[in-house]
Amino acid sequence: MKRALIAGATGLVGSYVLEQLLSNENYAIVTAITRKPLSIQHNKLQNIVTDFDRLEEIAPQLGVDDVFCCLGTTIRKAGSQPAFRKVDFEYPLKLAQLTSQNGSQKFLLVTALGADASSRIFYNRVKGEVEEAIRNVGFPTLHIFRPSLLLGPRTEHRTAEDAAKWFYRVFGWLIPLRYKAIHAQTVARAMVHYARQPQKGVFIHESDEMQSFAV
């Protein structure tokens, strides 16, 4: 029986990953790192409440087998580009470094379609930079997931995303599979599936591949 750790368990993808990990018989312990206590309880769940700026303080508790990193925000919600970079680059990288030092073997990271460290688009560039940085940490197995526009219930209202979702519903049949919106639950299923695979190395999973996990 393995131990899993998830960061971003209150987010759109992370909430589905947490749900699936708790019901997955392959994991005996699921540790969720959050800023505020989770509202759910489960006999397998260990909830560590901490400030992500102080991850080093909980380093001894980060010795798990598989790490699911679902951290992410938007520039609008973060308030500035530096604040966005902290959540989407600094926190995932620090989590990767600390869990690797504690013996974790697999790291599963959610970035985004178009992630590219050389992109002129700030969002895509940061996503690409965090991919490259975590590659260099040296996990035996690294899975990177690049979803397109995420579908699912959000707690906050995003006008631009709402418009995009309407467009996908009406004109989705015209859009190539790689660029079609994808439900967060589908991404979560893909993550949990690949965590069970024994192959070692670095694997990139684009949005069209993950669509095969939709119900």
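Coordinate-derived values only; no laboratory data. Everything numeric here is computed off the predicted structure, so don't read it as measured data. Cβ placement follows ideal geometry from the backbone for every residue including glycine, while neighbour counts extend to all protein chains displayed.
Tell me, Ser23, Ser119 in order of fewest to most beta-carbon neighbours within 10 Å?
Details: Ser23 12, Ser119 15.
Ascending Cβ contact count within 10 Å gives the list Ser23, Ser119.
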task: State whether the range 2-213 is rounded, prolate or oblate according to the following rule on the C-alpha gyration tensor (a ≥ b ≥ c being the square roots of its eigenvalues): a/c under 1.5 gives rounded; otherwise a/b larger than b/c gives prolate, and the remaining case gives oblate.
output: rounded
query: Setting aside same-chain residues fewer than 8 positions from Lys2, which aspartates and glutamates have a Cα under 18 Å from its Cα?
result: Glu19, Glu25, Asp65, Asp66
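Normalised by the residues of the chain, what does the relative contact order come to in percent, with Cα pairs under 8 Å and at least six apart? Mind showing how you got there, number by number?
Working: 387 pairs, mean separation 41.1, N = 215.
Here the relative contact order equals 19 percent.
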- prompt: So how do Glu131, Glu209, Glu57, Glu90 line up by other beta-carbon neighbours within 10 Å, fewest first?
  reply: Glu57, Glu209, Glu90, Glu131
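Could you work out [θ]222 nm for the chain from helices alone, using -39500 (n - 2.57) per DSSP H run of at least four and dividing by all its residues? Round to the nearest 500 deg cm²/dmol. Present the calculation step by step, with values, prior to reporting the outcome.
Working: 8 runs with 74 residues, N = 215.
That calculation yields -10000 deg cm²/dmol at 222 nm.
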task: Provide the gained length on full extension for the span Asn102 to Ala78, in nm with one decimal, where the gain is 0.36 nm per separating residue minus the Cα-Cα distance.
output: 5.7 nm
field: Long-range amide H partners of His183 with built H, under 5 Å
entry: Leu151
- line: Quick calc, Gln41 & Ile204: beta-carbon distance into FRET formula, R0 25 Å, rounding 0.05, result 0.10
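Taking other Cβ within 10 Å of each residue's Cβ, how do Thr99, Thr50, Thr73 sort, fewest first? Show your work: numbers first, answer last.
Values: Thr99 26, Thr50 13, Thr73 16.
Final ranking by Cβ density, sparse to dense: Thr50, Thr73, Thr99.
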statement: Distance in nm between Lys86 and Arg54 label points, each 7 Å along Cα→Cβ, equals 1.4
- request: Can you spot the lysines whose alpha carbon is less than 19 Å from Lys86's alpha carbon? Ignore those fewer than 8 places along the same chain.
  value: Lys36, Lys77, Lys94, Lys127
